[in-house]
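The values are calculated or read from the model by the stated rules, or taken from the named source; none is laboratory data. Keep in mind that what you see is a predicted model, and the values were worked out from it rather than measured. Glycine also receives a Cβ, built like all others from the backbone with ideal geometry; neighbour counts cover every protein chain displayed. Just so you know, the surface numbers come from the protein's heavy atoms only, side chains and all, with ligands and any DNA or RNA stripped out. Shrake-Rupley method; radii C 1.70, N 1.55, O 1.52, S 1.80 Å.
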Amino acid sequence: MDIFYHPHMDREIESLIERIHPPRVCIDNDSCRECTVVKVDSANKHGILLEMVQVLTDLDLIISRSYISSDGGWFMDVFHVTDQAGKKLTDETLMLHIQQELCNTRRKGDTSSDENDETTSEPYGCEGPHSLQNTALEMTGLDRPGLLSELAAVLADLGCTVTSGMAWTHNDRAACIIYVEDALKAGPIKDPIRLRHVQEQLQNVVEAHGDIGERKSVRLRNLAAGRTHTERRLHQLMYADRDYESCRACHGESSGEHKKGCDGTHVSVNRCKDKGYWVVNVRSRDRPKLLFDTVCVLTDLHYVVFHAAIRSKSSMADQEYFIKHEIGGSCLDEESERQKLILCLIAAIERRVSHVRLIPPTIKVYIFLFIINCMRASYIL
């Protein structure tokens with residue numbers, strides 16, 4: 001008889017557990033010669049692994065090794081981290097900040113919404129309980145030359161100032177999130193009529209090229225500041241746009257062995273009948289934020305990670321996850337579901353790889369903002 005995992009817990013009971021067993025964070029610089037070891041243990045909560053990894057990656061720390069165990073109502077995560085230069089962490093202020101942020105993950109809600117979730121957005125023209133908001137443009141569609149410049153030109157014509165943005169491209173699909181303000185008065189665009197007008201004009205730009213019925217989406221909404229994680233949201237947008245459908249898995253030779261020197265992304269999904277887990281193995285080129293991208297996929301596809309081991313050696317990384325679906329059942333018994341999970345993992349890894357190979361994300365955004373400012377200057381002249 002199968003035993004299904006059900007993560008739902010009454011909020012009052014969960015709050016009581018948090019008070020009885022607050023998170024404990026230990027940052028150890030003595031046990032490992034080459035890296036700083038960050039240990040976290042606390043009462044378990046669905047999605048907490050992603051939140052922990054998100055904290056570390058947002059601080060630009062490199063996770064070279066990790067061990068994760070969260071079977072039952074308790075979890076313990078161990079992360080081996082270094083700074084961007086590959087050195088141990090020595091800044092006492094930074095280490096204190098890491099401790100505070102990791103402890104705060106117990107009290108934070110999910111900072112990104114699913115593609116149909118409105119919990120992190122406010123209705124058009126409604127200020128809501130938060131004092132700070134951002135107006136965000138979310139766009140997905142066919143990638144083509146000049147798309148960003150056309151969107152920027154329309155925003156400038158409509159009196160919108162771009163404050164920041166990020167765009168990913170993968171398998172001829174594009175997704176971007178652009179944060180804008182009202183050029184006349186600093187702050188989010190709160191007039192619902194103007195918001196709809198801006199969205200309609202941006203939709204015209206996206207729909208001007210491409211065939212009828214082609215997948216595309218333009219959405220303008222006000223978000224509570226700090227409630228949306230841009231990179232995780234980009235993963236969700238590209239997943240909703242089904243960019244993974246064009247991925248091709250590397251299955252190696254007929255013997256199941258991969259050719260020596262192959263740097264493709266290899267993913268396998270197998271059943272562990274003794275414990276009722278599905279075992280996901282991922283081998284790919286190592287890079288920053290690899291763990292974050294992988295855990296994003298598993299979380300957004302509603303898989304719970306019970307145990308995991310992540311190791312990187314030289315230029316390659318190996319990840320092993322023992323997972324179950326959060327609502328129980330045996331969805332991965334279907335070959336189609338296993339293939340979907342494999343392709344989604346490959347897509348999540350390739351999105352950032354293809355992005356970085358073209359141009360580093362931060363520089364790409366800076367160039368994008370530079371172009372916008374030049375266009376704005378010429379528009380004023």
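Sorting Asp30, Asp172 by accessible area puts them as Asp30, Asp172; the probe is 1.4 Å, largest comes first, and only protein heavy atoms count. The fraction of accessible area contributed by carbon and sulfur in the stretch 138-228 is 51 percent, rounded to a whole number (1.4 Å probe; ligands and nucleic acids excluded). Using a probe of 1.4 angstrom and keeping all protein chains present, the accessible surface of the stretch 128-199 works out to 42 square angstrom per residue.
Note on surface exposure: Met238, Met76 rank Met76, Met238 by accessible area, highest first, 1.4 Å probe.
With R₀ set to 51 Å, the beta-carbon distance separating Gln201 from Thr82 gives a calculated FRET efficiency near 0.65.
Packing, as the average of other Cβ atoms within 10 Å across residues, places the peptides 138-144, 310-316, 46-52 in the order 46-52, 138-144, 310-316, highest first. Taking all protein chains as shown and a probe of 1.4 angstrom, Lys185 keeps an accessible surface of around 140 Å².
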